[in-house]
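Trainee: Okay, here's the structure, questions in a sec.
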Amino acid sequence: MNSFNRLAAIISLASIFPLNVYAADSKGTVEVVHWWTSGGEAKAVDVLKKLIEKDGYTWQDSAVAGGGGAAAMTVLKTRAVSGNPPSAAQIKGPDLQEWGALGLLSNLDKVSTENKWDTLLSKTVSDTMKYDGHYVAVPVNIHRVNWLWINPEVFKKAGIDKAPTTLDELYAAGDKLKAAGFIPLAHGGQPWQDSTVFENLVLSVMGPQGYKKALIDLDESALTGPQMADVFTQLKKLQGYMDPDGTGQDWNLEAAKVINGKAGMQIMGDWAKSEWSAAGKKAGTDYECVPFPGTKGSFTYNIDSLAMFKLAKKNDTPGNIAAQNDVAKVALEPEFQYVFNQNKGSIPVRNDLDMSKFDSCGQASAKDFDEAGKTGGQLPSMAHNMATSLAVQGAIFDTVSNFMSDKSADPASAGKKLYSAIKSAQ
Ligand code: GAL
C-alpha cells in the first residue's frame with residue numbers, strides 16, 4: 001500500500017473522532033498550517049495575518065518549523081487522521097490532487113468566480129490549483145528554484161571577478177574561495193536541501209528535456225543513463241565545496257553565513273532572498289542572484305498555495321467558512337501580492353501587477369518566467385513538491401542523501417538505485 005492509500009484508510013477510520021480546537025468567536029477563525037518560520041518568511045506570512053485580522057477574523061497560526069515542509073506535512077496528516085483538519089494548509093502541486101481525491105478539501109468555486117481567478121492566473125498555475133475542475137487552493141506566489149546566491153564582497157576578497165555561468169566556473173570559484181579561507185558553498189545537509197542541489201544539477205547537465213524525462217516522466221533510460229551518472233559525479237564534486245559544518249543545518253542559518261560574509265555562495269530557491277531582505281540587504285549591491293550555472297533560460301518553479309479544508313463538524317460554522325473565504329480572496333488581491341512577495345522573495349502569481357515595484361532579482365525572475373514559458377523551459381520543481389507524488393519525491397530524497405553520505409558511493413550505479421527506489425514508491 002503506498003502512503004496515499006495508507007492515509008486514505010486511516011482517515012476513513014479516524015474521521016469518526018472529530019475534535020474541536022476552535023475558539024468560539026463571533027466573526028470566525030481561520031487556522032493556518034504552514035512552514036514559513038525563518039525570520040524573513042515569518043515577516044511575509046504576517047502580512048496575510050494582519051489583513052485577515054483587519055477584516056475582523058481571528059488568525060490562528062499553526063506554523064510547523066522545518067524547511068521544505070516535511071514536518072508540516074506529517075502534522076497535517078495526523079490532524080486529518082484525527083478528524084481535526086485545520087481550515088487552511090500550505091499544500092502544493094500534485095499533492096493537492098491526493099488530498100482532493102480523499103474528499104477533504106473545500107470547493108472554492110464561489111470566491112474564485114467572484115474574483116475572476118481564471119483571468120488572473122496563468123494556466124500552469126490555475127490547473128495546479130484545481131481538483132476535478134474546481135479550485136481547492138489559492139496560489140500565493142511563484143518561487144524560482146534554480147538560483148545561485150552570491151556575496152560579491154566575499155567574491156572580491158577571494159579574487160573572483162564574475163559570477164559563474166558554467167559548472168567549471170563554479171568549481172573554479174569554489175577553489176578560490178576555499179584558498180582564501182571562506183566556506184565556498186553554504187549548504188545544510190537536510191534531504192530536501194540535498195535534492196534541491198541535485199535537481200539543479202540534473203537541469204544543468206541534462207538540459208530542460210532531460211530534466212523533464214528524468215524527474216517528471218520518471219523515464220528509465222534518463223534515470224539510469226550516462227548523463228545521470230555524470231549528474232552524480234558532479235554532485236560528489238560539488239559536495240567538496242559545501243559547508244563542513246552543514247550537517248542537518250536549516251537553510252536560513254546557512255543563508256546567514258553568506259549574508260555575514262563567512263561563505264561565498266548558496267544554491268537555493270528565492271525564499272533565500274527573504275533572509276537577505278530581512279537583514280536589510282539590497283539586491284544587485286549587497287548580493288547577487290544568478291541562474292544556477294548551466295540553467296539559464298529554464299525556470300524551475302515552485303508555487304506556494306493554501307488549500308482549504310472541509311471543516312470538522314463542530315467548527316463548521318458560517319463565521320469560520322467566511323474566514324476561510326476571506327483568506328482565499330485576500331491572498332490574490334494586489335495589496336497582499338505586492339507586500340507578501342516583496343518579503344518572501346517570490347514573484348506575484350497574478351499576471352497583471354507592476355514589477356517595477358520589485359528589486360532586480362524579482363524583475364529578473366518575472367522576465368525569465370515569461371521567457372521560459374515560450375520555450376518549454378518552465379519546469380516544476382521536484383524537490384519542492386511540484387513534479388511528483390510525495391512518495392516518489394521521498395524515494396528520490398533518500399537515494400540522493402544516502403549517496404551524499406556514503407563516501408564510497410559509485411556515481412555510475414546511483415541512477416539504477418534511484419530508478420528502483422522510485423519504482424517501489426509508485
Ligand atoms: C518550500 C516552500 C517555500 C519555502 C521553502 C523553505 O517548499 O515552497 O515557500 O518555505 O520550502 O522552507
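Taken together, the values in this text are just the output of simple stated rules run on the coordinates, not laboratory data. Everything numeric in this text was worked out from a predicted model, so none of it was measured. Glycine also receives a Cβ, built like all others from the backbone with ideal geometry; neighbour counts cover every protein chain displayed.
Trainee: Suppose R0 equals 25 Å; then what is the FRET efficiency for Gln426 and Thr74 from their Cβ-Cβ distance, rounded to the nearest 0.05?
Mentor: Details: r = 21 Å, r/R0 = 0.85.
Once the sixth-power term is evaluated, E becomes 0.75.
Trainee: Something else about it: Can you pull the semi-axes for segment 196-344, root of five times each eigenvalue of the Cα gyration tensor, sorted largest first, whole Å? Numbers along the way, then the final one.
Mentor: Values: eigenvalues 242, 118, 47 Å².
Its equivalent ellipsoid spans semi-axes of 35, 24, 15 Å.
Trainee: Cα centroid distance between segment 234-269 and segment 191-216, in Å?
Mentor: Centre-to-centre distance over Cα atoms comes out at 18 Å.
Trainee: Hey, how many Å between the Cα centroid of segment 334-407 and the Cα centroid of segment 57-87?
Mentor: 22 Å
Trainee: While we're on this one: Given a cut-off of 26 Å, name the pairs among Lys257/Lys344; Lys92/Lys329; Lys162/Lys417 whose C-alpha atoms lie farther apart than that in the structure shown.
Mentor: Those over the limit are Lys162/Lys417.
Trainee: If one takes the longest principal axis of the Cα atoms in the chain, at what angle in degrees, from 0 to 90 and to the nearest 10, does the Cα axis of helix 39-54 lie?
Mentor: 20 degrees
Trainee: Could I get the Rg over Rh figure for the chain? Both from C-alpha atoms, Rh via Kirkwood, rounded to two places.
Mentor: Radius of gyration relative to Kirkwood radius: 0.97.
Trainee: Same structure again: Could you work out how far helix 3-14 tilts from the main Cα principal axis of the chain, as a 0 to 90 degree angle to the nearest 10?
Mentor: The angle comes out at about 20 degrees.
Trainee: Dimensions of segment 322-426 along principal axes (Cα, Å, largest first)?
Mentor: Result for segment 322-426: principal-axis Cα extents of 51, 36, 26 Å.
Trainee: Then there is this: So between His134 and Lys310, what do we pick up on full extension, going 0.36 nm a residue minus the alpha carbon distance?
Mentor: Extra length from His134 to Lys310 when fully extended: 61.9 nm.
Trainee: Using packing as a proxy for protection, rank 334-343, 249-258 so that the peptide with the highest average count of other Cβ atoms within 10 Å comes first.
Mentor: With the highest mean Cβ count within 10 Å placed first, the list reads 249-258, 334-343.
Trainee: Grab the DSSP H runs of the chain that are 4 residues or longer, score each as -39,500 (n - 2.57), total them, divide by all residues and round the 222 nm result to the nearest 500 deg cm²/dmol.
Mentor: Rounded to the nearest 500, the figure is -15000 deg cm²/dmol.
Trainee: Given contacts defined as C-alpha pairs under 8 Å and at least six residues apart, what's the relative contact order of segment 253-394, whole-number percent?
Mentor: Once divided by the residue count of segment 253-394, the mean separation gives 31 percent.
Trainee: What does the charge count near Phe403 come to, summing +1 for each Lys or Arg and -1 for each Asp or Glu among other residues with Cβ under 15 Å from its Cβ? Write down the numbers at each step before the final one.
Mentor: On the way: positive: Lys236, Lys237, Lys407, Lys416, Lys417; negative: Asp194, Glu199, Asp230, Asp398, Asp406, Asp410.
Spelling it out: positives minus negatives among the neighbours equals -1.
Trainee: Can you tell me the FRET efficiency between Ser82 and Asp219 if r is taken as the Cβ-Cβ distance and R0 is 25 Å, rounded to the nearest 0.05?
Mentor: Details: r = 39 Å, r/R0 = 1.57.
Given R0 = 25 Å and the Cβ-Cβ separation, E is 0.05.
Trainee: Give me the percent of DSSP beta bridges within the chain that run antiparallel, rounded to the nearest 5.
Mentor: That works out to approximately 55 percent antiparallel.
Trainee: Report relative contact order for the chain in percent, whole number only (criteria: Cα-Cα under 8 Å, sequence separation at least 6).
Mentor: 27 percent
Trainee: Helix 167-179 against the longest principal axis of the chain: what's the angle in degrees, Cα atoms only, rounded to the nearest 10?
Mentor: That helix lies at roughly 80 degrees to the long axis.
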